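J.: Could you have a look at this structure, given as structure tokens, before my questions?
The values are calculated or read from the model by the stated rules, or taken from the named source; none is laboratory data. None of these values were measured; they are calculated from a predicted model. Neighbour counts run over all protein chains shown; Cβ positions are idealised from the backbone, glycine included. Areas reflect the complete protein model, heavy atoms only, side chains present, ligands, DNA and RNA absent. Shrake-Rupley method; radii C 1.70, N 1.55, O 1.52, S 1.80 Å.
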Amino acid sequence: MSYQGKKSIPHITSDRLLIKGGRIINDDHSFYADLYLEDGLIKQIGENLIVPGGVKTIEANGRMVIPGGIDVNTYLQKPYQGMTAVDDFYQGTKAALAGGTTMIIDHVLPEPGSSLLTSFEKWHEAADTKSCCDYALHVDITSWYDGIREELEVLVQDKGVNSFQVYMAYKDLYQMSDSQLYEAFTFLKSLGAVILVHAENGDLIAQEQKRILEMGITGPEGHALSRPEELEAEAVFRAITIASRINCPVYITKVMSKSAADIIAMARKRGPLVFGEPITASLGTDGTHYWSKNWAKAAAFVTSPPLSPDPTTPDHLNSLLACGDLQVTGSGHCPYSTAQKAIGKDNFTMIPEGVNGIEERMTVVWDKAVATGKMDESQFVAVTSTNAAKIFNLYPRKGRIAVGSDADVVIWDPDKVKTITAKSHKSAIEYNIFEGMECHGAPLVVISQGKIVFEDGNLHVNKGMGRFIPRKPFPEYLYQRIKIRNKVGGLQGVSRGMYDGPVYEIPATPKYATPAPSTKSSPAKNQPPPIRNLHQSNFSLSGAQIDDNNPRRTGHRIVAPPGGRSNITSLG
Amino acid sequence: MGTGRGGGPRAAFNAALGSPRGGGLRERSGSGCGPMAGRQEGALPACFAGLGAGSPRPRQKRGGMFCSVEDAFDNKTLNFASLAASGTATPVGGHRRDNEPGPSPEAGPSPDPDPGPGPTAAALPPSAPAALPDGCRQSDHILIKGGKIVNDDQSFYADVYVEDGLIKQIGEHLVIPRGTRIIDAHGQLVMPGGIDVHTRLQAPVLGMSSADGFFQGTKAALAGGTTMIIEHVCPDAGSSLLAAYEQWRGHADGQACCDYGLSVDIPRWHESLREEMEALVKDKGVNSFLVFMAYKDKLQCTDGQMYEIFCTIRDLGAIAQVHAENGDIIEEEQKRLLELGITGPEGHVLSRPEEVEAEAVFRAITIAKQANCPLYITKVMSRGAADVVAQAKRKGTVVFGEPITASLGTHGSHYWSKNWAKAAAFVTSPPVSPDPSTPDHLSTLLASGDLQVTGSAHCTFTTAQKAVGKDNFTLIPEGTNGVEERMSIVWEKCVVPGKMDENDFVAVTSTNAAKIFNCYPRKGRVAVGSDADLVLWNPKATKIISAKTHNLNVEYNIFEGTECHGVPAVVISQGRVVLEDGNLCVTQGSGRFIPRKTFPDFVYKRIKARNRLAEVHGVPRGMYDGPVHELPASVKAVAPGAGKAAAAPVRNLHQSGFSLSGSQADDHIARRTAQKIMAPPGGRSNITSLS
């Protein structure tokens, strides 16, 4: 243990804790009881507990005792052109704990082309040495390459990763085509993984960026203008369509706009298994700030999908969160300092993307949803913690106050009023996008792994005390239904007699792999072009791209030899 | 009045039966019309011979309408014979078959079970061949008396006088020249002829062309009350749009019997097409282009390409049409189904579920909205897709949806038919929805204005042609019939159950199409100065659709057995009577190309206004003068060059090693150079070396 660790020993040695007189809130019900924690676990719940002597007792005085928050979306190690976000695992998890979040799930973002496993190990190591709270890792699939299947299998079977993110945006970088998505979804489903999707139409964004730069708009407002919310909604719709074809669950990260959220809500009504994750930023603020005269402020809001400029968005998203159409909340925490953001001062496409929110998440949800009467305390626990634990297969170890669960507990004070400001936040950035927001509800005491880590506004944490929480595949919350649907939804052909009427003779054109009208080969062996070639005409050199290559190749051949060779032949 | 007139036609009919000459008949019908009789007499000599063919027996409608008469005529029988004989069913062009209705009944008296009409038909031929052209020319002056004129906005009773292919007068007690032919339209609706916005009469698939060429197809169109079609030109990927356009013009000019417009498909996008599109729009009278979101690796366009195409189209003032299906997903599904061993036509619909259609519609609308380009969804086949269109309209997007005859008139449960030929006949893309409530839903949306036009996507293949895919559903050529049935089906599904009135009917079958494609008011309206493309619609007549009686070259009609209340009694195209009493009188090649202008008001007025409003402005700020993070001098990071921001339009977040994007544009350049090389070099270099 480091020096710092020793310093805080007095705080963390109190392995045993008794929380007296609290109101315990789970996602299903709440009740008054005492809570006894030992060895990082919840050992007893009830009244008049028999506990060993010398136990440190915390008087909750009727305040709420809730399971610690789980932040499902952070990027504490995100690389961008050789730099990383200013909040690393240490800084970031410290902020998380200060906000009442006791577990994060961070995204591993491999450089395109590099191996998932290597990147995973890199993140794992960084987090192990720095993280102050428990963590798990999502792995982002930034390209679909040969051999990725084996790596995915290893990650799922041996490494405790059960969620992977794919991108529909960032053209020519991370973006995957629909076919690749189909393939990836199919494979991930077979592994029992949770499929996360960054949903934005990358093609259109690229076009819009071009157009807007050409118009001379280079400031952060260009970011919002080039990524209108329709593009987000479109991609969400597409992702859901693909997933429902494959009958696999799909999880939309960062729901930022009303229309995207509505698409998810609509889809859920039709049956596909879709989950939506609004983030602190979309729940707490809106995108009008992109038009701020202060460049630094405007740039601080840059994230993708962007915050919606529609000021009614947060209210709408909170309503959907309250009624269950959206299920979990993340933060998408990935802050860059103003100097880092200023890389894009003359070109909004260069501004590194990411906003803060890891610390503010619980408070913002409470203030916007519970304090306004949209949801009750149990629903609050569900959207900040329990649902996430269920989806990512951490339940009931996390996300519930029950005997045997991890002792990640927060004593929540609903009356505390706090003003969010960059001056007092734990993050390393200069600008807080929620600056000046007055929030009701804040954590009073935060207990992580059975130890008090936050009390009276003071953090007592150790670098590296966070553990990696491995997650098993096939979370029941998602896959139970999928399994049944698989069974029910089998496809069957129609058994017919052979068609024995006349068959049109196709003129023997060169390009077409004869569709074998005569061969009565087993139908299963019909590998011939799965692509339907409607409207082919006489000289059927369709499939132009394939052709492109051919003439080009012959062209090459001609250029090089014929001048010489034919000469030689004719001479000889 | 009713009885008197009822007697007239019968008498006429009998007369026709008795004598091959139409003269007497004509006289009688003329006298039946009372005051016009004198003039009619005067005109008699000219029309005399022509009457034998198609135009006689004008009053036969009630007695003779029952399909048996139609049954006796034309091609149907002939086609069967040819098919049975050859087995390969080469689409018999049937060149002049229609100009001489004689041969067909002669060829097929044996299969004809109906003794009644048979003789009628047989009695006619002698006078027919020579007579017909005359007959057609004769009816240049036509007065339609006593009908109820139905436009999309109102209906009223008036007479219509037609001359030189135009509507010259509308009103009562019209002053008309001698020799005018008078058509009695009492109890009938006089409507603008239908416009079928989507046909593929010339679609080439796998080296076959569809069974109905322009001649057969337009003939069927006229028989169904459609007097104009908009045909899709489908160039091969990589070939020139202009060349394909000329090719289609060539075919159509020689064969079409009704007016036609052309819409050009864009099989694969590259920059050089922009000029061709401009040429088509400016000089060739094309104002609509179709892009495909399906048919992966063949016709499919990426989202980025679609955006570019839409921007081009918007600048040209044309209509962007979209075949909306997600080709990527379809391809994967096809693979999966074939692996499962499903090879029959049901695989077609299983691999193209309606959500895939809805998804693509949604995406197309998103892209069009970004490009601020009006969008037109061809072939709306499913509830999901229609709902997406309706929702988008509600949000203000300029989008139009076109359900087709097949999606309005039938449903996709037939894909599971035990009869392969029947199942295969329904194969089209997007597929007909298996949900039997779909036609009802679509017709409701059509009635409420959420969908605007109806097409047929007529693209027929004979069973033998379809059988190319008998072991693999992905090879079945796609297309259903519908050009002939369209009007009747829409009437049956929308007007008969009271979903829409006759004016709406005119709107969705004709007027809206004319407005969208900018041939209004020349087409799509009964008004002075408009083209004399008219339909006398008989809402009381009944017809049962059947492959036995239809005017097509295919053996199977997907609407087989549908009973339609409401059929065209008389069809007038370019001022000539082409259908009367179930007899077609068409001239091959009489159809004219209708050039269409750009920027249709119906579509572009809104777009123009929005263009003005939609300008985005940047925020004027002082220069940011704070610290800027020093990028490690690693690799690519394009130096955030001041001012010249336009350099890297694509966001290169985490850009990696080699950034050769935009590969398709490169491909084309390469091809061209390759072509140049191909022709000369083998020879030339030899020659040079020999000399």
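J.: Would you say B:VAL571 is at pLDDT 80 or above, touching a strand residue (DSSP E or B) at 6+ places or on another chain (Cβ under 8 Å) and surrounded by 19 or more Cβ atoms within 10 Å (Cβ to Cβ)?
T.: For B:VAL571, the condition - at pLDDT 80 or above, touching a strand residue (DSSP E or B) at 6+ places or on another chain (Cβ under 8 Å) and surrounded by 19 or more Cβ atoms within 10 Å (Cβ to Cβ) - is met.
J.: OK, next. Hey, any hits in the range B:302-325 for a residue that's aromatic (Phe, Trp, Tyr) and facing chain A (nearest Cβ under 8 Å)?
T.: The answer is yes, given that some residue of the range B:302-325 is aromatic (Phe, Trp, Tyr) and facing chain A (nearest Cβ under 8 Å).
J.: Scan (1) modelled with pLDDT of 90 or more; (2) not in a helix (DSSP H, G or I) for the single condition B:SER239 breaks and write down its number.
T.: Going through the list (1) modelled with pLDDT of 90 or more; (2) not in a helix (DSSP H, G or I), B:SER239 breaks only (1).
J.: Does A:GLU200 satisfy the criteria of being on the phi < 0 side of the Ramachandran plot and in a helix (DSSP H, G or I)?
T.: no
J.: If you take the residues of the range A:242-256 that are assigned to a helix (DSSP H, G or I) and open to solvent by less than 10 Å² (accessible area, probe 1.4 Å), which of them is farthest from the other protein chains (Cβ to nearest Cβ)?
T.: A:ALA243
J.: Would it be correct to say that A:TYR170 is in contact with a Leu (Cβ under 9 Å, 6 or more places away or on another chain), under 30 Å from A:LYS293 (Cα atoms) and aromatic (Phe, Trp, Tyr)?
T.: Judged against the criteria, A:TYR170 is a match.
J.: Determine if the range A:84-105 includes at least one residue that is farther than 27 Å from A:LYS390 by Cα, surrounded by fewer than 24 Cβ atoms within 10 Å (Cβ to Cβ) and in contact with a strand residue (DSSP E or B) (Cβ under 9 Å, 6 or more places away or on another chain).
T.: Scanning the range A:84-105, I find no residue that is farther than 27 Å from A:LYS390 by Cα, surrounded by fewer than 24 Cβ atoms within 10 Å (Cβ to Cβ) and in contact with a strand residue (DSSP E or B) (Cβ under 9 Å, 6 or more places away or on another chain), so the answer is no.
J.: Consider the range B:548-557. How many of its residues are open to solvent by 10 Å² or more (accessible area, probe 1.4 Å) and in contact with a Phe, Trp or Tyr (Cβ under 8 Å, 6 or more places away or on another chain)?
T.: Looking only at that region, the number is 1.
J.: Looking at the structure I just gave you, is A:TYR290 hydroxyl-bearing (Ser, Thr, Tyr) and more than 20 Å from the chain's Cα centre (by Cα)?
T.: yes
J.: Also, quick follow-up: Any residue in the range A:148-171 that is surrounded by fewer than 19 Cβ atoms within 10 Å (Cβ to Cβ), at the interface with chain B (Cβ under 10 Å from one of its Cβ atoms) and more than 18 Å from A:VAL108 (Cα to Cα)?
T.: No - not one qualifying residue is present in the range A:148-171.
J.: Could you pull out every one of the helices (runs of 4 or more DSSP H) wholly within the range A:313-411 that has 3 or more residues that are closer than 30 Å to A:LYS210 by Cα?
T.: A:338-341
J.: For residues in the range A:292-301 being within 11 Å of another protein chain (Cβ to nearest Cβ) and in a loop (DSSP other than H, G, I, E, B), which is least open to solvent (accessible area, probe 1.4 Å)?
T.: In this case the residue turns out to be A:SER292.
J.: A follow-up question, please. I'd like to know if the range A:375-384 contains one or more residues that are more than 27 Å from A:VAL355 (Cα to Cα) and either of a type in the set (S, T, N, Q) or surrounded by fewer than 17 Cβ atoms within 10 Å (Cβ to Cβ) (or both).
T.: yes
J.: So, one more: Residues in the range B:253-273: is at least one away from chain A (no Cβ under 11 Å), in contact with a Pro (Cβ under 7 Å, 6 or more places away or on another chain) and more than 22 Å from A:LYS171 (Cα to Cα)?
T.: Looking for residues that are away from chain A (no Cβ under 11 Å), in contact with a Pro (Cβ under 7 Å, 6 or more places away or on another chain) and more than 22 Å from A:LYS171 (Cα to Cα), one finds none in the range B:253-273, hence no.
J.: Continuing with this model, one more query. Against the conditions (1) at pLDDT 90 or above; (2) closer than 20 Å to A:ASP178 by Cβ, where does B:ILE342 fall short? Just the number, please.
T.: (2)
J.: Which is charged (D, E, K, R), open to solvent by less than 10 Å² (accessible area, probe 1.4 Å), in a helix (DSSP H, G or I) and over 22 Å from B:GLY618 (Cα atoms), of A:GLU277, A:GLU234?
T.: From the options A:GLU277, A:GLU234, the qualifying one is A:GLU234.
J.: Do we have any residue at all in the range B:280-291 that's away from chain A (no Cβ under 14 Å), touching a strand residue (DSSP E or B) at 6+ places or on another chain (Cβ under 8 Å) and assigned to a helix (DSSP H, G or I)?
T.: yes
J.: Is the range B:557-566 home to any residue that is of a type in the set (Phe, Trp, Tyr), touching an Asp or Glu at 6+ places or on another chain (Cβ under 7 Å), in contact (Cβ under 8 Å) with a residue 60 or more places away in the chain and assigned to a loop (DSSP other than H, G, I, E, B)?
T.: Within the range B:557-566, one or more residues are of a type in the set (Phe, Trp, Tyr), touching an Asp or Glu at 6+ places or on another chain (Cβ under 7 Å), in contact (Cβ under 8 Å) with a residue 60 or more places away in the chain and assigned to a loop (DSSP other than H, G, I, E, B).
J.: So which residues in the range B:507-537 are assigned to a strand (DSSP E or B) and of a type outside the set (Val, Ile, Thr)?
T.: Residues satisfying the conditions are B:ASP531, B:LEU534, B:LEU536, B:TRP537.
J.: Going through A:GLY62, A:GLY92, A:GLY147, A:GLY100 one at a time, which residue ends up being touching a Pro at 6+ places or on another chain (Cβ under 9 Å) and on the phi > 0 side of the Ramachandran plot?
T.: Testing whether each residue is touching a Pro at 6+ places or on another chain (Cβ under 9 Å) and on the phi > 0 side of the Ramachandran plot leaves just A:GLY100.
J.: Still on this model: Does B:ALA514 satisfy the condition of being surrounded by fewer than 24 Cβ atoms within 10 Å (Cβ to Cβ), more than 14 Å from every other protein chain (Cβ to nearest Cβ), out of contact with any Asp or Glu (no Cβ under 7 Å at 6 or more places or on another chain) and among the aliphatic types (A, V, I, L, M)?
T.: Considered against the rule, which asks whether it is surrounded by fewer than 24 Cβ atoms within 10 Å (Cβ to Cβ), more than 14 Å from every other protein chain (Cβ to nearest Cβ), out of contact with any Asp or Glu (no Cβ under 7 Å at 6 or more places or on another chain) and among the aliphatic types (A, V, I, L, M), B:ALA514 comes out as no.
J.: When you look at B:TYR376, is it more than 7 Å from chain A (Cβ to nearest Cβ), over 24 Å from A:ILE205 (Cβ atoms) and of a type in the set (Ser, Thr, Tyr), yes or no?
T.: Against the criterion (more than 7 Å from chain A (Cβ to nearest Cβ), over 24 Å from A:ILE205 (Cβ atoms) and of a type in the set (Ser, Thr, Tyr)), B:TYR376 qualifies.
J.: Still on this model: Taking the range A:54-83, which residues are touching a Phe, Trp or Tyr at 6+ places or on another chain (Cβ under 8 Å), in contact (Cβ under 8 Å) with a residue 60 or more places away in the chain and open to solvent by 10 Å² or more (accessible area, probe 1.4 Å)?
T.: Within the range A:54-83, A:ARG63 is the sole residue that qualifies.
J.: Looking at this structure, is A:HIS198 within 13 Å of chain B (Cβ to nearest Cβ) and within 14 Å of the chain's Cα centre (by Cα)?
T.: For A:HIS198, the condition - within 13 Å of chain B (Cβ to nearest Cβ) and within 14 Å of the chain's Cα centre (by Cα) - is met.
J.: Please find, among A:GLY324, A:GLY332, A:GLY271, the residue that is away from chain B (no Cβ under 11 Å), open to solvent by 10 Å² or more (accessible area, probe 1.4 Å) and at positive phi.
T.: None of the other options fit; the residue is A:GLY324.
J.: Further, regarding this structure: Which one is nearest to B:GLU333 (Cα to Cα) among residues in the range A:143-192 that are part of a loop (DSSP other than H, G, I, E, B) and of a type in the set (D, E, K, R)?
T.: A:ASP146
J.: Which residue, of A:LEU213, A:LEU191, A:LEU204, is of a type in the set (A, V, I, L, M, F, W, C) and more than 8 Å from chain B (Cβ to nearest Cβ)?
T.: The unique qualifying residue is A:LEU191.
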